[in-house]
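What follows is a short report on a single structure.
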Amino acid sequence: MKHTVFVGYDIPLALDIKHDMVIPLLDKVFKRIELDGDIVHVIEGDSSIKFIENMINSFNAYYDIGLTLDIEPYCMVS
């Protein structure tokens, strides 16, 4: 099953890290789309979800920030 992943943030530093580091990393592995004005990535499989969760947890711990994930089922609109 496909899902979309949106990365949220809590403080300005987290926003910078999201745009300077997280999104470019996700772009290398997953398809980027715009959904309701937000940048999201389309992923497939539990291993992809776990990979992104681990990556976000690592950024949060290293930089002492609060990046968040919003994972939703992906329904392609025709």
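Odds and ends about this structure:
- Subtracting the Cα-Cα distance of I39 and C75 from 0.36 nm times their residue separation leaves 11.4 nm of extension gain.
- Three-way shape call for the chain based on the alpha-carbon gyration tensor, with the a/c threshold at 1.5: prolate
- Against the main long axis of the alpha-carbon atoms of the chain, helix 46-63 sits at an angle near 20°.
- Converting phi to 3J(HN,Hα) with the Karplus coefficients 6.51, -1.76 and 1.60 and the offset θ = phi - 60°, the range 33-44 yields 9, 9, 9, 6, x, 9, 7, 10, 10, 8, 10, 9 Hz in sequence order, with x at every glycine or proline.
Every read-out reported here was derived from the displayed coordinates using simple, explicitly stated rules and does not represent laboratory data. Since we're looking at a predicted model, the values are computed, not measured.
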